Amino acid sequence: MPRKKRIEKVGFYHIINRGVARVNVYLSDKDYLTFLDIVQDAADEYKFETHSFCLMSNHYHLLLKTNNKNLSSAMQKINSRYSIYFNNKYKRVGPLWQGRFKSWFVYDEVYLNVLVKYIESNPIKASITHNIGQYPWAMSSNSVVLSMLNFEIIQSVDFTNSMSEEEQEKITTFLNAKLEIKESIFIKKDKPKIESYFKPSYTRERAIYKALCDGYTQKEIGNYLDVSNVAISKIVKIYKQKVKLFEKLRDKGIFWSYSKSISYDEFSNSIFVEYLLKYGDFDDIKLGLKLFGKRYIKKVWEDKLKSDKSFIKTNLMLARVFFNMNVESSYFKEIKNERLEKLRLLAS
């Protein structure tokens with residue numbers, strides 16, 4: 001299936017790209033400077049301005065303002081040229097970037113100030129610096145002088161305080177907004193009614209996350225469910241961690257009998273936990289207990305794995321280390337497999 005063509009408009013864009021498998025793409029000061037020089041060359045050729053940037057070790061953020069409908073061409077040139085430079089310098093082969101760059105058209109300039117603050121705050125979130133302006137590879141540090149840089153917005157942003165909850169929600173709304181074109185203008189699509197997310201086919205955590213992705217704020221979702229913003233934030237955080245753990249195990253091939261592209265939401269929690277206990281490493285299982293709760297993990301273990309004679313060593317480790325059971329391997333050899341017994345009865 002061909003890739004969906006980007007719809008391009010003249011205006012502001014927030015752009016992100018990461019190293020493939022999250023590898024570091026800048027290994028020295030020279031690498032950072034070379035990347036910025038390449039962006040400057042592209043700015044000269046494609047006539048765009050840079051209003052904010054932050055180059056982290058394995059990804060970058062750019063806030064560009066285009067004057068022509070040529071963003072894809074400009075970014076293709078930037079990513080391609082830097083990839084060639086990096087691979088040649090470090091005797092490396094293969095793609096450097098994880099795929100197509102991600103871009104968000106700034107459909108309402110009311111988001112510009114908070115977007116700049118969000119980009120320039122990346123080193124603080126990564127615990128590299130304590131204040132905006134201290135990180136040398138962010139535009140707010142004023143450590144780089146290039147003609148493509150336009151400091152007009154940065155100079156109007158108050159960097160005194162870290163991002164507030166209201167600003168975080170504003171960024172979430174911006175990043176998750178669904179856009180459509182009407183009369184050659186990008187506008188935000190109308191959101192479905194909030195009650196439509198909370199249906200039997202969705203788990204509560206998935207419904208909350210999907211509503212959040214479609215532009216509802218934590219406050220709006222919390223008001224609908226009559227729970228606090230803190231509770232919504234915690235549910236979303238745990239959901240994201242579950243998805244991340246699932247994708248890590250999927251990419252390692254643990255769910256070998258399922259499609260390689262299967263998503264967390266297509267998988268039942270009980271099967272996920274069963275495979276996690278059977279094939280996950282110690283740290284994965286430890287995280288699983290934290291995310292799903294010891295009671296649920298133990299129930300799945302008792303229902304799905306405890307009586308499986310193929311996993312006696314695994315069951316002994318789980319019982320002793322995670323469930324505080326003082327048992328020996330003989331304990332598992334004596335347990336009857338209820339599912340197997342039922343099959344035997346049906347066959348007799």
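No value in this document is a laboratory result; all are computed from the given coordinates. It should be emphasised that the depicted structure is a prediction, and the values quoted were computed from it without experimental measurement. Reconstructed Cβ throughout: ideal geometry from the backbone, glycine too, with neighbour counts over all protein chains shown.
Pull up the cross-link candidates among the aspartates and glutamates for Lys298, meaning alpha carbon to alpha carbon under 13 Å and not fewer than 8 places away within one chain.
Within reach: Glu274.
Let's see if you can work this out: charge +1 on each Lys and Arg Cβ, -1 on each Asp and Glu Cβ, no other charges. What is the dipole magnitude of the chain about its Cα centre, in debye to the nearest 20?
For this selection, approximately 1640 debye.
On a C-alpha basis, how far is the centre of the range 16-61 from the centre of the range 120-167 in Å? Whole number, if you could?
So the two Cα centres are separated by 16 Å.
Using 0.36 nm times the number of residues separating Lys199 and Asp108, minus their current alpha carbon distance, what extension gain do you get?
Extra length available between Lys199 and Asp108 comes to 29.6 nm.
By count of other Cβ within 10 Å, fewest leading, how are Arg206, Arg295 ordered?
So the residues, fewest neighbours to most, are Arg295, Arg206.
Where does the longest stretch of the chain lie that holds no GluC sites (Glu not before Pro) found in a DSSP loop with 16 or fewer other Cβ atoms within 10 Å?
It works out to 184-327.
Which of Val236, Val116 comes first, and how do the rest follow, when ranked by fewest Cβ neighbours within 10 Å?
With the sparsest Cβ surroundings first, the list reads Val236, Val116.
To the nearest 20 Debye, how big is the dipole of the range 12-188 about its Cα centre, given +1 on the beta carbon of each Lys and Arg and -1 on that of each Asp and Glu?
Details: 19 positive and 18 negative charges, 190 e Å.
Here the size comes out at about 920 debye.
May I ask you to give the average projected area over all directions of the convex hull of the Cα atoms of the range 12-188, in nm² rounded to one decimal?
Orientation-averaged projected area of the Cα hull: 10.4 nm².
Based only on other Cβ atoms within 10 Å, what is the fewest-to-most ordering of Met148, Met139?
By the 10 Å Cβ count, ascending, the order reads Met148, Met139.
If you compute semi-axes √(5λ) of the Cα gyration tensor in Å for the structure shown, which of (i) 39, 32, 16; (ii) 46, 25, 20; (iii) 35, 22, 20 do you land on?
Given (i) 39, 32, 16; (ii) 46, 25, 20; (iii) 35, 22, 20, the structure-derived one carries the label (ii).
Using Cα positions and a limit of under 12 Å, work out the aspartates and glutamates in reach of Lys117, with same-chain residues fewer than 8 apart set aside.
By straight Cα distance, Lys117 reaches Asp158, Glu167.
Of all the Cα-Cα pairs you can form in the range 192-305, what percent are over 18 Å apart?
That fraction is 54 percent.
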